[in-house]
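Okay, structure first, notes after.
The values are calculated or read from the model by the stated rules, or taken from the named source; none is laboratory data. Note that the structure is a prediction, hence the values are computed from the model and not measured. In this analysis, Cβ positions are derived from the backbone assuming ideal geometry, glycine residues included, and neighbour counts consider all displayed protein chains.
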């Protein structure tokens, strides 16, 4: 039974885009939280000597590629974001944060839909600021893509200088 729960937990964490909390995993699999804790420990051990790892992002979990192997995986993986969403990410990566109105001027009518998708992926956070809304990248974004993007930006700076 315990292996079955671990396998189901593994399948869920691989299939989902956004990291999941223990209670979300428990609800999705209809299993008590103590059993989920055991399955997470089992998965952590299962991945000890592999290219995968059970990542803890805040208090949520996701199965991902170890940093050591991320360059290969990132280079050949299909992006879960479209070109417009990548442009928004690029803007936020350079500026740190900006108002939605600025993104809407750049991206047009699709901006709201693209921001909604990025929010569902857990990559951006929208913060009310008076009557305006500020957008910034989340910790999830930086834990998932930060190292790779930082390295790519450094490489591009070397090439352009």
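What is the residue count in the stretch 117-126 for residues that are in a strand (DSSP E or B) and crowded, with 20+ Cβ neighbours inside 10 Å? It would help to see each step written out before you state the result.
Applying the first criterion (in a strand (DSSP E or B)) to the stretch 117-126 yields 124-126.
Remaining after also requiring crowded, with 20+ Cβ neighbours inside 10 Å: 124.
Number satisfying all stated conditions: 1.
Tell me, which residue of the stretch 1-17 that is touching a residue at least 40 places away in the same chain (Cβ under 8 Å) and either part of a helix (DSSP H, G or I) or not assigned by TED's automatic domain parsing to the domain that holds residue 63 (or both) is farthest from the chain's Cα centre (by Cα)? Per the stated criteria, the residue is 2.
Would the stretch 94-116 turn up any residue that is in contact with a strand residue (DSSP E or B) (Cβ under 8 Å, 6 or more places away or on another chain), at pLDDT below 85 and either closer than 20 Å to residue 16 by Cβ or in a helix (DSSP H, G or I) (or both)? No, the stretch 94-116 has no match at all.
Scanning the stretch 18-58 for residues that are touching a helix residue (DSSP H, G or I) at 6+ places or on another chain (Cβ under 7 Å), without any contact (Cβ under 8 Å) to a residue 60 or more places away in the chain and not in a helix (DSSP H, G or I) yields a total of 5.
Of everything in the stretch 22-67, what is closer than 20 Å to residue 118 by Cα and surrounded by fewer than 14 Cβ atoms within 10 Å (Cβ to Cβ)? Give them in sequence order. Listed by number, the residues that qualify are 56, 58, 59.
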